[in-house]
Amino acid sequence: MPTPQSAGLLMYRQRGDTLEVLLGHPGGPYWTRKDIGAWTLPKGEYDNTELPMDAALREFGEETGFAATPPFLPLGELRMKSGKRITAWAFEGDADPAQLECNSFEIEWPPRSGQMRSFPEIDRVQWFDLKEARRRLLPAQSGFIDRLLEALSPALVPPPSPGGTEME
């Protein structure tokens, strides 16, 4: 059986001196009481008939209802404990968490009850500064925060002041 592959997008924004990322909290009964170490970037599985970027765009739209606009910064691939590989990109944007529109999935709940219930894939999204995002993210996904900082580092360095250090 091939290793599962997922692709996702990490939206970021600058608020003054603070860089924030938009994370999603998984929906469904298993995740209801989990918070720290449970959040994720919007992502989903794809197979070899779909390009990872196409899957990332599709999943971001399905799971948030928000638009994703280029340019997209590659964040590479991380491997989860389960063996699943996640490829991600970051992009600058802004979204109101109250406007979340997410698709849903059905499972038998409670287990062995014979009753099918529908749950959103992501039950809420929220903006977090990077320190808090590291706490909230599934531990295996926190490397995407480091990669975002690396990708943005030239843009985060303030330009030299005019007339700088030259002596006359």
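Against the longest alpha carbon principal axis of the chain, how many degrees, from 0 to 90 and to the nearest 10, is the axis of helix 52-64 turned?
70 degrees
To test your reading of the geometry: what angle, between 0 and 90 degrees and rounded to tens, separates the Cα axis of helix 143-156 from the longest principal axis of the chain?
Here the helix axis deviates by roughly 30 degrees.
Quick one: compute a quarter of the convex hull surface over the Cα atoms of the chain and quote it in nm².
Values: hull surface 51.2 nm².
Projected area, direction-averaged: 12.8 nm².
With every protein chain present, what is the per residue accessible area of the chain (1.4 Å probe, Å²)?
Value returned for the chain: 60 Å² of accessible area per residue.
With bins 5 Å wide starting at 0, give me the P(r) of segment 63-159 over every alpha carbon pair, in whole percents.
Going out from 0 Å in 5 Å bins, segment 63-159 shows 2, 10, 13, 18, 22, 15, 9, 5, 3, 1, 1, 0, 0 percent.
Let me have the relative contact order for the chain, percent, based on Cα pairs under 8 Å that are six or more residues apart.
Averaging sequence separation for qualifying contacts and normalising by length gives 29 percent for the chain.
Give the peptides 110-119, 25-34 in descending order of average Cβ contacts within 10 Å, highest first.
Descending packing order for the listed peptides: 25-34, 110-119.
Just the Kirkwood number for segment 1-43, please: inverse of mean 1/r across all distinct Cα pairs, in Å, one decimal.
On the way: mean 1/r = 0.0792 Å⁻¹.
Computed over segment 1-43, the radius equals 12.6 Å.
Report, to the nearest whole %, how much of the accessible area of the chain belongs to carbon and sulfur atoms, 1.4 Å probe, protein only.
52 percent
The values are calculated or read from the model by the stated rules, or taken from the named source; none is laboratory data. Nothing here was measured: the structure is a model prediction, and the numbers come from that model. Cβ atoms come from the backbone with ideal geometry, glycine included; neighbour counts cover every protein chain shown. Calculation scope for accessible area: heavy atoms of the full protein, side chains included, ligands and nucleic acids excluded. Shrake-Rupley method; radii C 1.70, N 1.55, O 1.52, S 1.80 Å.
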